[in-house]
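The values are calculated or read from the model by the stated rules, or taken from the named source; none is laboratory data. None of these values were measured; they are calculated from a predicted model. Because the Cβ atoms are built from the backbone with ideal geometry, glycine has one as well, and the counts that use them run over all protein chains shown. Ligands, DNA and RNA are excluded from the accessible area calculation, which covers all protein heavy atoms including side chains. Shrake-Rupley method; radii C 1.70, N 1.55, O 1.52, S 1.80 Å.
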Amino acid sequence: MPLNLMHLPKAELHVHLEGTLEPDMLLALAQIHGISLPYSSRDEVLAAYHFGSLDDFLKLYYAGMAVLRQPADFTALALAYFTRVASQGVRHAELFFDPQAHQGKGLAFLPLLEGIELACREAASQLGLTSRIIPCILRHLREDSALRLVDEMLPHRDRIAAVGLDSSEQGNPPQKFTRAFQRVRDAGLKVVAHAGEEGPPDYIRQAIDLLGAERI
Ligand SMILES: [Zn+2]
């Protein structure tokens, strides 16, 4: 009998919560919040996902984020993700999310964290799926924005698994965030970082040597 991979228990250790937004939820949330999108149908959204570079993808990724307006949207998004992957055998997931991408919409770190935690608790009790949350620093933004986010997160350090680094890599070397991640490590938190996707090998070295990343 062939091995059915769907039935094997799995851990998903690299997933961006905002990136799990499916076309149907994107369109539904846009309608609920009265946001106009450059897509009018599911097929148009799917067509837009034929991207050619990380930056092309990120443009779509940030456009999709516009429809996430309240903590309940994050709960619904995370629950939809957990439900989908539980049916594929995922038993543990560690979710990245980008708090700075939502600040401009008036969403602070804590309510977002609480919204996602609600879904995590539901996933544990209803699906038997354990999860951890990893907020990420957006590397295309300035260091002072990263430092402010770190200060906002540290009082809640027991509720997150690590702090990550993501977004556009070109021109945004890990060393830009040496001080931010020093604060993260001083608080006893683990560090993970995206490195070497579009940047040179030296960015991987920096992420390990300067930021203390334990997972790339
Ligand atoms: Zn990633």
Taking A28 as the residue in question, decide whether it is in contact with a Ser or Thr (Cβ under 9 Å, 6 or more places away or on another chain) and either at pLDDT below 95 or open to solvent by less than 60 Å² (accessible area, probe 1.4 Å) (or both). no
Here is a list: L68, L60, L77. Which entry is surrounded by 12 or more Cβ atoms within 10 Å (Cβ to Cβ) and either among the basic types (K, R) or modelled with pLDDT under 90 (or both)? L60
The conditions are (1) modelled with pLDDT of 95 or more; (2) within 16 Å of the ligand (Cβ to nearest atom), and E197 fails exactly one of them. Which is it? (1)
Between residues in region 178-202 that are in contact (Cβ under 8 Å) with a residue 60 or more places away in the chain and residues that are among the hydroxyl-bearing types (S, T, Y) and part of a loop (DSSP other than H, G, I, E, B), which pairs lie under 9 Å by C-beta distance while being six or more apart or on different chains? E198/S53; E198/S168
Can you name the number of the only condition in (1) open to solvent by less than 40 Å² (accessible area, probe 1.4 Å); (2) touching an Asp or Glu at 6+ places or on another chain (Cβ under 8 Å) that R42 fails? (1)
Within region 161-187, can you find the residues that are away from the ligand (no atom under 13 Å from the Cβ), over 18 Å from E94 (Cβ atoms) and not in a helix (DSSP H, G or I)? Q170, G171, N172, P173, A187
Do any residues in region 94-112 that are aromatic (F, W, Y) have Cβ atoms under 8 Å from those of residues that are part of a helix (DSSP H, G or I) and within 16 Å of the ligand (Cβ to nearest atom), where the two are at least six apart or on different chains, and which pairs are they? F96/L17; F97/L17; F97/E18
Would you say S36 is away from the ligand (no atom under 16 Å from the Cβ), closer than 16 Å to S131 by Cα and surrounded by fewer than 14 Cβ atoms within 10 Å (Cβ to Cβ)? no
Any idea which residue in region 1-33 is farthest from the ligand (Cβ to nearest atom), counting only those that are within 13 Å of V67 (Cβ to Cβ) and part of a loop (DSSP other than H, G, I, E, B)? H33
Region 118-149: number of residues that are under 11 Å from P71 (Cα atoms) and either surrounded by 19 or more Cβ atoms within 10 Å (Cβ to Cβ) or touching a Cys at 6+ places or on another chain (Cβ under 7 Å) (or both): 1
For L141, which of the numbered conditions (1) under 23 Å from L113 (Cβ atoms); (2) outside any loop (DSSP other than H, G, I, E, B) fails to hold? (2)
Picking from F82, F109, which residue would you name as being in contact with a helix residue (DSSP H, G or I) (Cβ under 8 Å, 6 or more places away or on another chain), buried (at least 16 other Cβ atoms within 10 Å of the Cβ) and closer than 14 Å to M153 by Cα? F109
